[in-house]
């Protein structure tokens, strides 16, 4: 991880609210990004993505969805 502004934080609660089904779908996608090494899990429901790999993350999400 780099310095200030080098990562993007993704909070699944902010994306999904209280919709549990949508939350599970987003969690599965984020965990797949973690498995691929494109994201890092910080804590429950919070993931970090480096800005340098943001294009790779978007390409992977487009392919999976």
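The values are calculated or read from the model by the stated rules, or taken from the named source; none is laboratory data. Predicted, not measured: the structure shown is a model, and the values here were computed from it. Here the Cβ is made from the backbone with ideal geometry for all residues, glycine too, and neighbour counts use every protein chain on show.
A few comments on the model shown:
Let's see how each residue does on (1) surrounded by 10 or more Cβ atoms within 10 Å (Cβ to Cβ); (2) in contact with a strand residue (DSSP E or B) (Cβ under 9 Å, 6 or more places away or on another chain); (3) modelled with pLDDT of 90 or more:
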{"position": "6", "(1), (2), (3)": "yes, yes, no"}
{"position": "12", "(1), (2), (3)": "yes, yes, no"}
{"position": "21", "(1), (2), (3)": "no, no, no"}
{"position": "28", "(1), (2), (3)": "yes, no, yes"}
{"position": "33", "(1), (2), (3)": "yes, yes, yes"}
{"position": "50", "(1), (2), (3)": "yes, yes, yes"}
{"position": "59", "(1), (2), (3)": "yes, no, yes"}
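- All positions within region 50-63 that are in contact (Cβ under 8 Å) with a residue 40 or more places away in the chain and either under 15 Å from residue 15 (Cα atoms) or assigned to a helix (DSSP H, G or I) (or both): 51, 52, 54
- Scope region 2-49; condition assigned to a loop (DSSP other than H, G, I, E, B) and without any contact (Cβ under 8 Å) to a residue 12 or more places away in the chain; matching residues: 3, 4, 17, 18, 19, 37, 44
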